[in-house]
Ligand SMILES: *Cc1c(COP(=O)(O)O)cnc(C)c1O
């Protein structure tokens, strides 16, 4: 034995903490000494107000190795039981094509990208989303589709909102809901209507137009599986100036006449069964389609085709400045993070199968449903629905006997009193169908015989006749080789964390560790229905409880609600809890929400959706909340003050000293404090919102807690609340949420939001543990302050806090440069692409600035590479200022440069200056695939469907 290393050290060889952090120990010391600091503790002492620092380490366990973590997670997964699911109700087993699972769902190049704010380096996912829009338009028969919403239930609520805005029946305040809509959809619509102050009538679909309504939600295929011809109902609604919103099953539309052909104004539903696993409720993309004339009212993002400077087609987010929440309190929807990754998977699924493959799948589903229906009838039971696509409901002669056989066979059905329903999906085989028949009837049957007896289950007038998926994209990639190359071709156009830093302030683009991601596609997490019996989901429930307990420790709140599917949904759920609390205190009149002017747009958007009146308070010249103004407004409005929404550290990246006083002022005047938790990456392990005095926060698990952004979603926005708000968090009427008494206030379709991605945050916390979580925050502060220090020699840093320190992000001011030289923040953003970077957050919270957030995961090498690029760009600006470079024809205003530029180089500067401007780009070059894209052209000529293939960029 010559090795003197202690056994303990040998056992710690796979320490995850060091793998999560960018800088090495010695680099941390170097960076600290450059900042004149002795240690990370010293940094915290100097940067973070003492009043808010935790006195004790947070009560989270010690870190576990990656292997230990995965072993334990596997043991939890093993407590979930994968049954044959026939529950339906919006969630279906599906077969994710392996080429898509491995190359998209499990591929960091797809899942670590951000929302395509910089379209020149995002053409791949923009094309995939455009395909999603085209697929939606084809199947729904509508003119315009959005790039995804959070789930079917929130899509329904958004449809109601669009109906209210668009209906010419202006005075009317009532919305109709088909009573046979999925119950979870009705619940979310109820919540939304209550807080908008609208009335709902829930009744039989035929009576939709008998009421005075501004719109109606009609289920084309309903919870029992029946199919309704909507043409007359829609006509009658239109006669009354009401908007017809149709909930549709995406797979059924392959065989059914499109709702657009029946006159629908909005068509929405879930794209889950196009290749996205059930995952205990999500994440899944909802589709949403409407008329061209309602384009300004469309919730969420929309991808449009425009031109780049070479005149080639290029895609980008259309009407980007009108992304709804940016309109703040005038916004019509608060949606920000959506479901891009899942929309991409659904669109690739459609590309993979094409019209022919989808038709085969849909026909098989339908035939199997009919076969089982025949067996049910033959056994003497009554089938309730006259027509069906995949779901059949029957009156059971002996519910208990069926239930017993089902349990024995691990078959999940949907039970409703004497009625039982089953939904068939593409994952079911002939053997499954035989088993299902035996479970239901107690006897074996010959499926071929039953098939020959079965009658058509789709009404003749509702058989689809219009074509769909005719675009070459859905027909060109036939073999797996071609499919793989198509996926890769798109992938390589996009800049993601696999290429370099994405220093988007407020977005926290940190490492999404592979070990954290692995469990997502384990079948025992992926293949669980959100309404599966409790005893099949113990693994999930245990994991979720542990995650909740850790988040309670981290935030200092008493209770965590896991339901909201994004930060903005968390805001909405939190404000509702505040509102309900006030009501419970006999103070239901409190309706004013104070919001500092620097707040993220989702804050005022959520407040108005919660039925609150937004009052903006001032910020001082340092960007801080103007406490005097806040105090004056809080006192003036104290009789009606409901809440303050405040981001901490503030949106401009500074720890405000007065935050505790601010909370006190609000409480003294009868209000509650909502602390936007998007910046928790500057607090974890160091301070806790609950201790500071806040009552509720959302946590963006897709920012601070390592869920990847997926190119613009998924996300999770659970809320932490103090105990007095706990009775008012989101419940669920189909499946009781553990420890939540209420069954109302639902904000998502699934009881625990997107269960499938919760293991990511769970693993993140377990692998970092008490020490690693705090260390991550410290290094996030160090990296930000290091960047601030380096950049401040070349750019003015807009705001700093105590001891000249920033929190986890810093803002540099580019406005003087623009005034003096004409080089704008946009030129900077595009030029950074030539240097191999994704730009920081642009013009938020201050126009004409960059907000830079490096996160703890970026190495010193990467930070230095960024600083080097920014310094060189500053020198380039000087060349423009001095006249050495033409002010209208220089590498900055022409950026980004593409390979196509090289073919006909005609610039007054060299190729090398353009595309190899730094050492780093010579070592490794990322090529933007399009030249700068014209936003104005795109918005003037809105085109949101796939252009003919020949017209794509060369
Ligand atoms: C990201 C963010 C939000 C919204 O979160 P989503 O998950 O995108 O809905 C809200 N506030 C701040 C400060 C944010 O940075």
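The values are calculated or read from the model by the stated rules, or taken from the named source; none is laboratory data. Since we're looking at a predicted model, the values are computed, not measured. No Cβ is skipped: glycine too gets one built from the backbone with ideal geometry, and neighbour counts run over all protein chains shown.
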Against the condition at pLDDT 95 or above and over 17 Å from the mean Cα position of the chain (by Cα), how does residue 784 come out, does it pass? yes
Single residue of 931, 890 found to be touching a strand residue (DSSP E or B) at 6+ places or on another chain (Cβ under 6 Å) and buried (at least 22 other Cβ atoms within 10 Å of the Cβ): 931
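Answer yes or no as to whether residue 479 is more than 16 Å from the ligand (Cβ to nearest atom), over 24 Å from residue 747 (Cα atoms), surrounded by fewer than 18 Cβ atoms within 10 Å (Cβ to Cβ) and without any contact (Cβ under 8 Å) to a residue 60 or more places away in the chain. Quick ask: steps written out before the conclusion?
Numbers: more than 16 Å from the ligand (Cβ to nearest atom): yes; over 24 Å from residue 747 (Cα atoms): yes; surrounded by fewer than 18 Cβ atoms within 10 Å (Cβ to Cβ): yes; without any contact (Cβ under 8 Å) to a residue 60 or more places away in the chain: yes.
So residue 479 fits the description; yes.
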Go through the stretch 171-186 and give me each residue that's touching a residue at least 40 places away in the same chain (Cβ under 8 Å) and not in a helix (DSSP H, G or I). 172, 173, 174, 175, 176, 177, 178, 180, 181, 182
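Could you identify the single residue in 707, 686, 719 that is in contact with a strand residue (DSSP E or B) (Cβ under 8 Å, 6 or more places away or on another chain) and at pLDDT 95 or above? Even if it seems obvious, please write down each step before you answer.
Values: 707 fails: in contact with a strand residue (DSSP E or B) (Cβ under 8 Å, 6 or more places away or on another chain); 686 fails: in contact with a strand residue (DSSP E or B) (Cβ under 8 Å, 6 or more places away or on another chain).
Going through 707, 686, 719 in turn, just one is in contact with a strand residue (DSSP E or B) (Cβ under 8 Å, 6 or more places away or on another chain) and at pLDDT 95 or above: 719.
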Is it the case, given these coordinates, that residue 472 is closer than 30 Å to residue 766 by Cβ and touching a helix residue (DSSP H, G or I) at 6+ places or on another chain (Cβ under 9 Å)? no
Which members of the stretch 162-186 meet the condition of being within 30 Å of residue 416 (Cβ to Cβ), surrounded by fewer than 21 Cβ atoms within 10 Å (Cβ to Cβ) and out of contact with any helix residue (DSSP H, G or I) (no Cβ under 8 Å at 6 or more places or on another chain)? 174, 183
Flagged pairs (Cβ under 6 angstrom, 6 or more apart or on separate chains; first in the stretch 701-715, in contact (Cβ under 8 Å) with a residue 40 or more places away in the chain and farther than 16 Å from residue 681 by Cα; second in a loop (DSSP other than H, G, I, E, B) and away from the ligand (no atom under 11 Å from the Cβ)) are 711/113; 713/339; 714/283; 714/339; 714/754
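Among the residues of the stretch 727-760, count how many are more than 30 Å from residue 66 (Cβ to Cβ), touching a helix residue (DSSP H, G or I) at 6+ places or on another chain (Cβ under 6 Å) and more than 16 Å from the ligand (Cβ to nearest atom).
7
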Before we move on, is residue 532 surrounded by fewer than 24 Cβ atoms within 10 Å (Cβ to Cβ) and at pLDDT 95 or above? yes
May I ask you to list pairs of residues, at least six apart or on different chains, whose Cβ atoms are under 8 Å apart, with the first in the stretch 717-741 being closer than 26 Å to residue 706 by Cβ and free of Cβ contacts under 8 Å to residues at least 60 places away in the same chain and the second being more than 16 Å from the ligand (Cβ to nearest atom) and assigned to a loop (DSSP other than H, G, I, E, B)? none
Given (1) surrounded by fewer than 24 Cβ atoms within 10 Å (Cβ to Cβ); (2) closer than 29 Å to residue 701 by Cα; (3) out of contact with any strand residue (DSSP E or B) (no Cβ under 7 Å at 6 or more places or on another chain), identify the lone condition not met by residue 329. (3)
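Residue check: is residue 631 crowded, with 17+ Cβ neighbours inside 10 Å and either free of Cβ contacts under 8 Å to residues at least 40 places away in the same chain or at negative phi (or both)?
Numbers: crowded, with 17+ Cβ neighbours inside 10 Å: yes; either free of Cβ contacts under 8 Å to residues at least 40 places away in the same chain or at negative phi (or both): yes.
When the stated conditions are applied, residue 631 passes them.
For residue 59, are the conditions met, namely being exposed (fewer than 15 other Cβ atoms within 10 Å of the Cβ) and under 32 Å from the mean Cα position of the chain (by Cα)?
On the way: exposed (fewer than 15 other Cβ atoms within 10 Å of the Cβ): yes; under 32 Å from the mean Cα position of the chain (by Cα): yes.
Spelling it out, residue 59 is indeed exposed (fewer than 15 other Cβ atoms within 10 Å of the Cβ) and under 32 Å from the mean Cα position of the chain (by Cα).
Yes or no, residue by residue, for (1) assigned to a helix (DSSP H, G or I); (2) touching a strand residue (DSSP E or B) at 6+ places or on another chain (Cβ under 8 Å):
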residue	(1), (2)
762	yes, no
767	yes, no
774	yes, no
778	yes, no
783	yes, no
788	yes, yes
795	no, yes
799	no, yes
The lone exception for residue 512 - which of (1) within 16 Å of the ligand (Cβ to nearest atom); (2) closer than 28 Å to residue 627 by Cα it fails: (2)
Of the conditions (1) out of contact with any strand residue (DSSP E or B) (no Cβ under 6 Å at 6 or more places or on another chain); (2) in a loop (DSSP other than H, G, I, E, B); (3) modelled with pLDDT of 95 or more, residue 557 satisfies every one except a single condition; which number is it? (1)
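Report, by residue number, each residue of the stretch 565-600 that is within 9 Å of the ligand (Cβ to nearest atom) and part of a loop (DSSP other than H, G, I, E, B). Explain how you work it out, then say what you get.
Applying the first criterion (within 9 Å of the ligand (Cβ to nearest atom)) to the stretch 565-600 yields 565-571, 599-600.
Of everything in the stretch 565-600, those that are within 9 Å of the ligand (Cβ to nearest atom) and part of a loop (DSSP other than H, G, I, E, B) turn out to be 565, 566, 599, 600.
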Single condition residue 357 does not satisfy, out of (1) surrounded by fewer than 21 Cβ atoms within 10 Å (Cβ to Cβ); (2) within 30 Å of residue 123 (Cα to Cα); (3) more than 16 Å from the ligand (Cβ to nearest atom); (4) touching a residue at least 24 places away in the same chain (Cβ under 8 Å): (4)
Regarding residue 603, is this residue touching a residue at least 12 places away in the same chain (Cβ under 8 Å) and more than 16 Å from the ligand (Cβ to nearest atom)? no
Considering the stretch 606-638 alone, what residues qualify as being more than 15 Å from the ligand (Cβ to nearest atom), out of contact with any helix residue (DSSP H, G or I) (no Cβ under 7 Å at 6 or more places or on another chain) and not in a loop (DSSP other than H, G, I, E, B)? 613, 616, 628, 629, 632, 633, 635, 636
